[in-house]
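> Please read through the structure below; I'll follow up with questions.
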Amino acid sequence: MYYVYGLYDPLLNQLFYVGKGKISNNRHKDHLTERRGKENKLRWQRICHLRKAGVEPVIQILLTNIEDENVAYAEETKLIRQYGKIIDNTGILTNILDNAQPPSWKGRVKSAEHRKNLSKANMGKRLSEETKKKIIETKIKNGTLKSGMEGKNHTAETKEKIRLSKQNVPMSIDSSTKKSIKLKGKPWSEARRLAALTQRKTGPKPK
């Protein structure tokens, strides 16, 4: 469910910003905790002005229980155009754009250059645990959660590199225990017998 909200100036009794939010994330509250007005300096300056005067912006939900996000964006745009924007001298709002709806990528393929720019922009950034959880939940819901190697096969060269990297590397106690439980009661293959003869033992040495 989505909604459209407004920020009011209680000193002038005047609307100064219109936004769209999702009921589950209470988007309207973000404006009261943001810092330095990175998203919208005009809106931030008005909030700072009100706080210096000892008052807070008044938040009013203008439209609620909107099921379609596109409809919520359309209603937001309608109100922005109705009240006009300070930035282009058409009205009283601190909004920067009439239509804040991001372009849809559904059915479109990103160019190599676009993908490269996205990679650069996100390089070094780490997702929060909450964001990771949401991504996984969305993929499970859409049936798109897959392992990185699903449907792929290692090349012979890669397989050989993996084999060499594991040679003479002792198995951890935890891994050894898990492997032992998994193989318990199963007949030994020739490969397993050979591995048992060459693999370095782990765990405490006998006294």
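The values are calculated or read from the model by the stated rules, or taken from the named source; none is laboratory data. Please read all numbers here as calculations on a predicted model, not as lab measurements. Here Cβ is always computed from backbone atoms with ideal geometry, including for glycine, and neighbour counts include all displayed protein chains.
> Tell me which residues, restricted to the range 1-40, are farther than 28 Å from T131 by Cβ and under 21 Å from the mean Cα position of the chain (by Cα).
None - no residue of the range 1-40 is farther than 28 Å from T131 by Cβ and under 21 Å from the mean Cα position of the chain (by Cα), so the list stays empty.
> Still on this model: I'd like to check something: does the range 67-81 contain any residue that is assigned to a strand (DSSP E or B) and either in contact with a strand residue (DSSP E or B) (Cβ under 8 Å, 6 or more places away or on another chain) or among the hydrophobic types (A, V, I, L, M, F, W, C) (or both)?
No: zero hits.
> Turning to a different aspect of this structure: Report the residue count in the range 17-63 for those that are loosely packed, with under 13 Cβ neighbours inside 10 Å and either assigned to a loop (DSSP other than H, G, I, E, B) or polar (S, T, N, Q) (or both).
Residues meeting the conditions: 14.
> Assess whether R43 counts as being modelled with pLDDT of 90 or more, charged (D, E, K, R) and farther than 27 Å from E130 by Cβ.
The answer is no for R43.
Conditions tested, residue by residue: (1) at pLDDT below 70; (2) in a loop (DSSP other than H, G, I, E, B); (3) charged (D, E, K, R).
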{"position": "N117", "(1), (2), (3)": "no, no, no"}
{"position": "K139", "(1), (2), (3)": "no, no, yes"}
{"position": "M149", "(1), (2), (3)": "yes, yes, no"}
{"position": "V169", "(1), (2), (3)": "no, yes, no"}
{"position": "S176", "(1), (2), (3)": "no, no, no"}
{"position": "K179", "(1), (2), (3)": "no, no, yes"}
{"position": "K182", "(1), (2), (3)": "no, no, yes"}
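> Would you please name the residue that is modelled with the highest pLDDT, looking only at residues in the range 85-115 that are of a type in the set (K, R) and in a loop (DSSP other than H, G, I, E, B)?
Filtering the range 85-115 for residues that are of a type in the set (K, R) and in a loop (DSSP other than H, G, I, E, B), the one modelled with the highest pLDDT comes out as K110.
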